[in-house]
Amino acid sequence: KMYTAQGYRPYDVDRLPILKEFYARCVTERVPVMNHCTPEGAPTFDRDQYLNFTHPMDRPDFRMKKLEAGGDALKYFNDHFVSPKAWEKVLEEYPTLRLCLAHFGGGTDLGLQWLDEMAKLILSGNYPHLYADISSSMADPKHKEKFKARLKEWYGKEIKKPGSPLRERLLFGTDWYMTLLDGVDYAEYVSATKTFIDSFDNDLWFQMTQVNPYDFYRLDEQIERIARNIVEKRKKEISIKIKKGKEEIEKVLPKLEQEEIDEILDKAAYIRYATQGYIKFKETP
């Protein structure tokens, strides 16, 4: 997981030369990379400082981009640190990078523009492993209706088409535990999102929650390891604070019992075998 909103650019190779080695290794070893891609979230609190800050390793052409921002520090930060366009140089250099831009932009006005930009990048055909996930975009009470409307708009234009790159690169994503901070229980969020998706497409939920993640995360090779990591994490009690309306309450996740551990491992094996056939013998229209 990367989080460039914390203060580094996706292709910040002048300040962080190790990024070249990092991306090259991710391509070679087919490591999936996920990056926060919405104007909200947890950005650095000093976003307005980046416009005037000059690093000794910054090239003159990048300093010109600061002038192009017209003094708008927030626009400069969003454009060059967080937005889909900020990733274009990375994708040009590493077109086969397995990359997911999380949240699909989100439901803010700017986020909906980013949703359109992501969709166009995926549909360009230049980046075969570029994905997006919806994360908790349908849980945010302030923006979820706008997001749902734009998603349906793209469904009508492209997602409904069998074999469409956008249909095959859209992931569900839970953004757990952010849904809890919005006062929406995980199971409630999953159910509500599935109901919405099923209202206009009976197969898209399966595509987003099993087929596409199976491909992006290479679950045919990795799912049992991921399941074991989940089990290891839940061997101890976990306590988190969540909002329920205006009230903040503490939610405790008890450590897993052996029956629950067995169920998780069984489900992991089921997903690998159940989805494998679909990937290998996918029907064509």
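Quick one: Cα centre-to-centre distance for the stretch 33-80 and the stretch 251-269, in angstrom? Cα centroid of the stretch 33-80 versus Cα centroid of the stretch 251-269: 43 Å apart. Once the Cβ-Cβ distance of Asp262 and Glu29 is raised to the sixth power relative to R0 = 25 Å, the FRET efficiency obtained is 0.20.
The share of accessible area on the stretch 2-46 that comes from carbon and sulfur is 58 percent, using a 1.4 angstrom probe. Given the pairs Lys75/Lys148; Lys144/Lys194; Lys120/Lys157; Lys148/Lys194, which span a C-alpha to C-alpha distance of over 20 angstrom in this model? Those over the limit are Lys75/Lys148. At a Förster radius of 51 Å, what calculated FRET efficiency corresponds to the Cβ-Cβ distance of Phe45 and Asp203, to the nearest 0.05? In this case the efficiency is close to 0.75.
Averaged per residue, the stretch 40-110 has 53 square angstrom of accessible surface, using a 1.4 angstrom probe with ligands and nucleic acids left out. If the chain linking Val231 and Ala73 were pulled fully straight, counting 0.36 nm for each residue of separation and taking away their Cα-Cα distance, it would gain 52.5 nm. Heavy-atom surface analysis with a 1.4 Å probe gives the stretch 85-167 a carbon and sulfur content of 48 percent of its accessible area. Extension gain for the segment Asp185 to Asp109, taken as residue separation times 0.36 nm less the Cα-Cα distance, is 24.8 nm to one decimal. For the stretch 66-181, what class follows from the C-alpha gyration tensor (a ≥ b ≥ c being the square roots of its eigenvalues): rounded when a/c is under 1.5, otherwise prolate if a/b is larger than b/c, else oblate? Oblate shape, in that a/c is at least 1.5 and b/c is the bigger or equal ratio.
Think of it as helices only: each DSSP H run of n ≥ 4 in the chain is worth -39500 (n - 2.57), and spread over all residues that comes to -12500 deg cm²/dmol at 222 nm. Beta bridges assigned by DSSP with both partners in the chain are antiparallel in approximately 40 percent of cases. Taking every alpha-carbon pair under 8 Å whose residues sit at least 6 apart, the chain reaches a relative contact order of 14 percent. At a probe radius of 1.4 angstrom, the accessible area of the stretch 167-230 per residue rounds to 47 square angstrom.
Between Val252 and Lys89, the contour length at 0.36 nm per residue exceeds the Cα-Cα span by 54.4 nm.
The eigenvalues of the Cα gyration tensor, multiplied by 5 and square-rooted, give the chain an equivalent ellipsoid with semi-axes of 32, 24, 21 Å from largest to smallest.
The values are calculated or read from the model by the stated rules, or taken from the named source; none is laboratory data. It should be emphasised that the depicted structure is a prediction, and the values quoted were computed from it without experimental measurement. So basically every Cβ, Gly included, is an ideal-geometry build from the backbone, and we count neighbours across all protein chains shown. The protein model used for the area step is the full one, side chains on, heavy atoms only, and it has no ligands, DNA or RNA in it. Shrake-Rupley method; radii C 1.70, N 1.55, O 1.52, S 1.80 Å.
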